[in-house]
Amino acid sequence: MAFAVPARPYDFILDPKHVALVVIDMQRDFIETGGFGDALGNDVSRLTKIVPTVAALIALFRARKLPIVHTREAHRPDLSDCPPAKRLRGKPGLRIGDVGAMGRILVAGEPGNQILPELAPVEGEIVIDKPGKGMFWGTGLQDTLAGLGITQLVFAGVTTEVCVQTSMREANDRGYECMLVEDATESYFPEFKAAAIEMIVAQGGIVGWATPLSVLENAFA
Ligand code: TIU
């Protein structure tokens, strides 16, 4: 049975038969000290703080046996799926494919590319390696979701204004109803996180809905 989740800009009518959780890029390189994000000069402790909230959100969906998608921003070792325009954006020595403290930066299979152990996918969950910021480009995810009859997506992960917002916008354009769990997402830049959430819910929910985890948990209860 569908039920209402109090959210901005208005109630999200969640249908457990057609909803999936999407956890974006909770990988070591963005979140752990010594990773790629840290090497770029970002304060990763902002991101570390949301890990328990994301874990609780995953637990909520697991307990109800609802589908969960985990993504990683990951390129093939030969970088054939990394356009030069993306690779050349960074500083020499800190570019995608270069060797960092946790192996090759944003390359599939490297230590830094792994999802944090606390949030690791379990058997039966969907894991997507995405070469873009958005989760649909080059992944085949749309067909997977269609096969499961998914029409609604609840979002968490990092970073709010980059991979989370891009994925949410891609999903919105594909017809999914999207809700962001606002305390299960974070940015290196607090003002960007706040602005991204406002952009999503403005204009009658032009990109989707937003709500805190506690409200979603209460609605499920
Ligand atoms: N996952 C994701 O957001 N990738 C990024 O590169 N984010 C930054 O904020 N840099």
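The values are calculated or read from the model by the stated rules, or taken from the named source; none is laboratory data. Computed from a predicted structure; not experimentally measured. All Cβ positions, even for glycine, are placed from backbone atoms using ideal geometry, and neighbour counts span all protein chains on display.
Return a yes/no flag: does region 142-154 have any residue that is closer than 20 Å to Ala108 by Cβ and over 10 Å from the mean Cα position of the chain (by Cα). Yes, some residue in region 142-154 is closer than 20 Å to Ala108 by Cβ and over 10 Å from the mean Cα position of the chain (by Cα). Taking residues in region 12-26 that are away from the ligand (no atom under 16 Å from the Cβ), and partners anywhere that are among the basic types (Lys, Arg), the pairs with Cβ atoms closer than 7 Å and at least 6 places apart or on different chains are Pro16/Arg64. Could you count how many residues in region 36-80 are among the small types (Gly, Ala, Ser), assigned to a loop (DSSP other than H, G, I, E, B) and in contact (Cβ under 8 Å) with a residue 24 or more places away in the chain? Total satisfying the criteria: 1.
Pairing each residue of region 116-129 that is assigned to a helix (DSSP H, G or I) with any residue that is hydrophobic (A, V, I, L, M, F, W, C), provided the two are 6+ apart or on different chains, yields C-beta distances under 8 Å for Glu118/Val51; Glu118/Ala55; Leu119/Val23; Leu119/Met26; Leu119/Val51; Leu119/Val54; Leu119/Ala55; Leu119/Ile58.
Within region 146-161, how many residues turn out to be closer than 16 Å to His70 by Cα, of a type outside the set (Ser, Thr, Tyr) and within 16 Å of the ligand (Cβ to nearest atom)?
Taking region 146-161 and keeping what is closer than 16 Å to His70 by Cα, we get 148, 150, 152-160.
Next, from what is left, pick out any that are of a type outside the set (Ser, Thr, Tyr): 148, 150, 152-158.
Checking the rest, the ones that are also within 16 Å of the ligand (Cβ to nearest atom) come to 155-158.
Final tally of qualifying residues: 4.
Within region 29-39, the residues that satisfy the criterion of being more than 12 Å from the ligand (Cβ to nearest atom) and not β-branched (Val, Ile, Thr) are Glu32, Gly34.
Against the list (1) of a type in the set (A, V, I, L, M); (2) farther than 30 Å from Val215 by Cβ; (3) in a loop (DSSP other than H, G, I, E, B), the condition Ala85 fails is (3). Based on what the data block shows, is Arg64 at pLDDT 95 or above, more than 16 Å from the chain's Cα centre (by Cα) and basic (Lys, Arg)? Criteria met by Arg64.
Pick from Arg95, Arg76, Arg174: which is within 13 Å of the ligand (Cβ to nearest atom) and charged (D, E, K, R)? Break it down stepwise before answering.
Details: Arg76 fails: within 13 Å of the ligand (Cβ to nearest atom); Arg174 fails: within 13 Å of the ligand (Cβ to nearest atom).
The unique qualifying residue is Arg95.
Name the residues in region 162-171 that are under 10 Å from the mean Cα position of the chain (by Cα) and more than 10 Å from the ligand (Cβ to nearest atom), would you? Listed by number, the list holds a single entry, Met168.
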